[in-house]
1. Run the simple label-point estimate for LYS155 and VAL61 please: 7 Å along Cα→C-beta, distance reported in nm.
2. Can you show me the helix-derived [θ] at 222 nm for the chain, built from DSSP H runs with n ≥ 4 at -39,500 (n - 2.57) apiece and divided by the number of residues, rounded to the nearest 500.
3. Quick one: P(r) of the chain from all Cα-Cα pairs, 5 Å bins, percents rounded to integers, in order of increasing distance.
4. Quickly work out the VAL51-to-GLU148 label distance, labels modelled 7 Å from Cα along the C-beta direction, and quote it in nm with one decimal.
5. Taking the alpha-carbon set of the range 59-136, what are its Rg and Dmax in Å?
6. List the aspartates and glutamates whose Cα lies under 17 Å from the Cα of LYS38, skipping any in the same chain that are fewer than 8 positions away.
Amino acid sequence: MVDPETDLSFTRTINAPPALLWECWTTPEHIKNFFMPKPHFIEACDIDLRVGGRFNTTMNVDGNKIENKGVYLEIVDGKKLVFTDTYSEGWAPAPDPFMTAIVEFEDDGNGGTTYTATARHRSSESRQTHEDMGFFDGWGTVATQLEEYAQSLAKG
């Protein structure tokens, strides 16, 4: 359930099958191709796909490297990923966590995916900060890049 006080969420139909989107979201080499709105990019990604396993990325934003360390909280194979920067591997608490992300993949019955991305925050202030940073444009761009990248894999 989405809480409008603390959560930002959107749903979109992506013209690629759920299994392919799942592969893109769970493979470090694939993550690098869609996870940051261009011209920004992911320099490095390290995934240990299990509850408590790491989901670490190094983002490059205008030449500035930003490390983001997190863990998976829930994994429903092929359907749902929940990860957070509240903890890093070994359940080490983060000094200043930002959000928990929930990404869901549902077969739309037409060869595509109903894709839902939710960012859950600790407070309405954190939620507003993320919205002001451009959550909808940024995560929307990532969804578009994911669709384009997944389609390129399907053709290859």
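Just so you know, all these numbers are worked out from the coordinates, no wet-lab data involved. Small disclaimer: the values here were computed from a predicted structure and weren't measured. For neighbour counting, all protein chains shown are included, and Cβ atoms are generated from backbone atoms with ideal geometry for every residue, glycine included.
1. Taking the two extended label points, one gets 3.2 nm.
2. On the way: 4 runs with 44 residues, N = 156.
Dividing the helical sum by the residues of the chain leaves -8500 deg cm²/dmol.
3. All Cα pairs considered, the percentages come to 2, 9, 17, 23, 23, 17, 7, 2, 0.
4. 3.7 nm
5. Rg then Dmax for the range 59-136, in Å: 14.7, 44.
6. Once the sequence-local aspartates and glutamates are set aside, what remains near LYS38 is GLU29, ASP62, ASP137, GLU147, GLU148.
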